[in-house]
Each structure stands twice: as structure tokens, then as C-alpha cells.
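See structure below.
No value in this document is a laboratory result; all are computed from the given coordinates. Remember, it's a predicted structure, so these values are computed and weren't measured experimentally. As a convention, Cβ positions derive from the backbone with ideal geometry for all residues, glycine included, and neighbour counts pool all protein chains shown.
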Amino acid sequence: MPKWKVHILFNSMLIFFWVKLLLSLNLVNDYIILIIMIFFSYFLSIFPDIDHSRSPIRRIFAVILACVFTVYFFLNLSFDSILLLPGYFVLLYILFRFFPTKHKGITHKFWFSTAFSFVIATTLGIIFNFSFINFIVYFLFMLSGYLSHLFLDMF
């Protein structure tokens, strides 16, 4: 199993070819959207290892999810409960960080990579009002980032 840096490096080569292709075919109208697509391609190239207990992406997600849920608790609890928020955060972080998962489980399946990339592309397509052609191209761009991880994990 390659380290996350190998996944990023390999995906960087794919991104280089994608960007070159998109620019040569004049399929890029907005460079901000292209930067967002590049970000998601990098994200998806390391995302499958979220099911690995020592993965950097899992540590990052544990902090993000603990923050989101802690803010949710803060907004929905009375003011006298504010002293419990650090405890909520720590408890949620431990839950998300150390929840037992099977490595190379669902996040390492082709169907999941396709569905997950599709959901992200659809969400971004709705936000940025992509044309159908741009949606397909950006979906394939992001899917290639995810599939690069699965490809490297075969070796």
C-alpha cells in the first residue's frame, strides 16, 4: 500500500495531463472552477484511506467532523451547557478517529468511487451551473483522481 504522498504525486501527473487536455480543447471557462476541480481530485486521490486508522485523511476528517458536531451541539443546547463543549469535542474526535473500520473496504470499491465522484460532481455542478459537457468532463477528472488511488493500491 503506497503512502499518501505517492498517491498525491501520481495524481499530480494525471492532473497535469487533464489540465493540458482541458486547456487545449477550450473546455475551461473559469479558472476558479478548475482550481476547485484540482482540489477535489487531490482530495479524492487520498480519500479511500479514510478507513485506515493511521491515515492522515482520517485524522483531518475526525477533527472536521468533531468541530461540525460540536458547533451543532452548541447551537442546539442551552447556554449553561457551554462548559460541556470541550468534552463533546474530545468525545466526538475519539469516536470518529478510532471507530473500527475495515481497511480496503467500501471506499476501495469501483462502484463507490464512481458514486462518490458523481455526488461531488453533481453538487458542484448545481452550485456552479455546469453545462452537461462540463459536468461529464469534471466528473471524469475527479473520478480519475479517485481511481488513481485504487490503481496504485493494486501494487
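Taking 74, 43, 98 as the candidate residues, the one with maximal mean-square fluctuation in a Gaussian network model of the chain, Cα springs under 10 Å, is 74. Helical content alone sets the calculated 222 nm signal of the chain at -25000 deg cm²/dmol, taking -39,500 (n - 2.57) per DSSP H segment of four or more residues and averaging over every residue. Peptides 48-58, 20-30, 101-111 ranked from most to least packed by the mean count of surrounding Cβ atoms within 10 Å: 48-58, 101-111, 20-30. In percent, rounded to a whole number, the relative contact order of the chain is 37, using alpha-carbon pairs under 8 Å and six or more apart.
Take each uninterrupted DSSP H stretch in the chain, measure its Cα extent along the helix axis, and return the ones at 20 Å or beyond whose mean Kyte-Doolittle hydropathy is at least 1.0. Answer set is 4-24, 31-46, 56-76, 110-128, 132-153. Only lysine pairs 8 or more places apart or on separate chains count here, and in the chain those with Cα atoms under 22 Å apart total 6. Peptides 142-150, 62-70 ranked from most to least packed by the mean count of surrounding Cβ atoms within 10 Å: 142-150, 62-70. Shape of the chain from its Cα gyration tensor (a ≥ b ≥ c, root eigenvalues): rounded if a/c is under 1.5, otherwise prolate when a/b > b/c, or oblate? Oblate, since a/c reaches 1.5 and b/c is not below a/b.
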